[in-house]
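In what follows, a single structure is set out as structure tokens and then discussed.
The values are calculated or read from the model by the stated rules, or taken from the named source; none is laboratory data. Just so you know, these numbers come straight off a predicted model, no measurement behind them. Reconstructed Cβ throughout: ideal geometry from the backbone, glycine too, with neighbour counts over all protein chains shown.
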Amino acid sequence: MFKKLSSLMIVGILVISTLLSGCGAKASNADSNSEKKGSNKKPKVGFIYIGPIGDGGWSYAHNEGRLYLEKELGVETIYKESVPENQEVEKVMRDMIDQGATIIFATSLGYMDHVINVAKEYPNVKFFHCSGQKTAENVSTYFGRMYEARYLSGIVAGLKTKSDKIGYVAAYSIPEVVRGINAFTLGVQSVNPDAKVAVRWTHTWYDPAKEKEAAKALIDEGADVIAQHQDTAGPQQAAEEMGKFSIGYNSDMKDKAPKAYMTAPMWNWGPFYVEQVKSVMDGSFKSQNYWPGLESGIIKLAPLTENAPKEAQAKVDEMQKKIIDGSYKVFTGPIKDQDGKLRVQKGQVPSDKELLSMDWFVEGVEGKIEK
């Protein structure tokens, strides 16, 4: 993903609800009574992506959700890909509203302030911002507890590695990425306490060549399994080219590196988009932050391929059931950091606030968080 270009408080990621229905070309001129009561008129829905929809990753997953929405509700959608996180996104939103869009999904962290700016101009348009933390009366935010699926993928990697060294290609040292690395490592060590996870930063969400280069460097250092928090299949392809194995991200990447790929923590936005658009149509929309886990279906672990160890499926199924029913929390203590300091007491679980600002690595991670 690349959606967040930012600081170490990627906080508040979570959310959601929906956006208005067909209230006219400029929502600011729409009848407020029809908004309150809901409308049977099908809205036009706009989607804004930071990358190309063919990236096989973050933008691809959101676009699959858009297509699902069209199929399920029969609504008209419009989209714009490769929109930078600057003033240009405001122009794109205004253009979409001029075209009749009354619901807009802005799918990158760096769009946050721009969404708030435009939302003030169009109070009857509903905005959904992915991975941000700022809301307004007509703005919701949404994300998912992807760290839960990363924990499960760590189980697969931990059972597969023979060298006990797993490489992790990561974009930026922001809390979301750090949290994911930690959850993955905890999953690895739940089945293989001797294994280590080596991290290499790329400082980009989307750069296939750079991601591939980072993966190859980790393999040269002894990693025989590669995982990633990136938006392309570059790390998967590097693993395949060098005869190693891999864990993808964002979508099922089995076709990108069939000889290496084992599974991937992935997004399933379609049902969520349907739910939110329905809420706008029936007048039940309420601004909120939305941060669900595996139980929601928004996040999941892609089917394991034949490259995954045979014993992995049973263990993944066991832990997935426990996470979904709430009998197990990924960050249940005791958990120590890299320096051996006890960060989470035995039997305790970090609060959402602590998870959303996580800035330390668990024991077993090799690499440093860049400040």
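Side notes on the structure shown:
- Count - residues of the stretch 316-340 that are charged (D, E, K, R) and closer than 14 Å to G364 by Cβ: 3
- Search result, residues across the stretch 52-66 that are without any contact (Cβ under 8 Å) to a residue 40 or more places away in the chain and part of a helix (DSSP H, G or I): N63
- Total residues in the stretch 218-240, condition out of contact with any strand residue (DSSP E or B) (no Cβ under 6 Å at 6 or more places or on another chain) and over 29 Å from I53 (Cβ atoms): 4
- Matching residues, the stretch 109-132, being touching a Leu at 6+ places or on another chain (Cβ under 8 Å) and either in a strand (DSSP E or B) or under 19 Å from V177 (Cβ atoms) (or both): L109, G110, K126, F127, F128, C130, S131, G132
- If the condition is being part of a helix (DSSP H, G or I) and more than 19 Å from E121 (Cβ to Cβ), then the stretch 69-95 contributes L69, E70, K71, E72, L73.
- D317 being touching a residue at least 40 places away in the same chain (Cβ under 8 Å) and of a type in the set (D, E, K, R): no
- Criterion: surrounded by fewer than 23 Cβ atoms within 10 Å (Cβ to Cβ), on the phi < 0 side of the Ramachandran plot and modelled with pLDDT under 95 - qualifying residue of Q133, Q87, Q99: Q133
Residues checked against (1) among the aliphatic types (A, V, I, L, M); (2) surrounded by fewer than 22 Cβ atoms within 10 Å (Cβ to Cβ); (3) in contact with a Phe, Trp or Tyr (Cβ under 8 Å, 6 or more places away or on another chain):
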site: D164; (1), (2), (3): no, yes, no
site: A171; (1), (2), (3): yes, no, yes
site: V199; (1), (2), (3): yes, no, yes
site: E211; (1), (2), (3): no, no, no
site: A233; (1), (2), (3): yes, no, no
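- Those strands (runs of 3 or more DSSP E) of the stretch 257-371 in which 1 or more residues are surrounded by fewer than 18 Cβ atoms within 10 Å (Cβ to Cβ) occupy 342-344.
- Test: T263 is among the β-branched types (V, I, T), more than 25 Å from E72 (Cβ to Cβ) and free of Cβ contacts under 8 Å to residues at least 24 places away in the same chain: no
- Residues that are among the polar types (S, T, N, Q), touching a residue at least 60 places away in the same chain (Cβ under 8 Å) and closer than 20 Å to K254 by Cα, drawn from the stretch 293-311: N307
- Lone unmet requirement of (1) touching a strand residue (DSSP E or B) at 6+ places or on another chain (Cβ under 7 Å); (2) modelled with pLDDT of 85 or more; (3) surrounded by fewer than 24 Cβ atoms within 10 Å (Cβ to Cβ) for G22: (2)
Conditions (1) in a helix (DSSP H, G or I); (2) on the phi < 0 side of the Ramachandran plot, marked per residue:
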{"site": "G154", "(1), (2)": "yes, yes"}
{"site": "V169", "(1), (2)": "no, yes"}
{"site": "V178", "(1), (2)": "yes, yes"}
{"site": "T185", "(1), (2)": "yes, yes"}
{"site": "T204", "(1), (2)": "no, yes"}
{"site": "A214", "(1), (2)": "yes, yes"}
{"site": "G222", "(1), (2)": "no, no"}
{"site": "Q236", "(1), (2)": "yes, yes"}
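- Candidates H114, H62, filtered to the one that is crowded, with 21+ Cβ neighbours inside 10 Å and under 11 Å from F47 (Cα atoms): H62
- Checklist (1) touching a strand residue (DSSP E or B) at 6+ places or on another chain (Cβ under 8 Å); (2) touching a residue at least 40 places away in the same chain (Cβ under 8 Å); (3) not polar (S, T, N, Q) applied to G158, failing item: (2)
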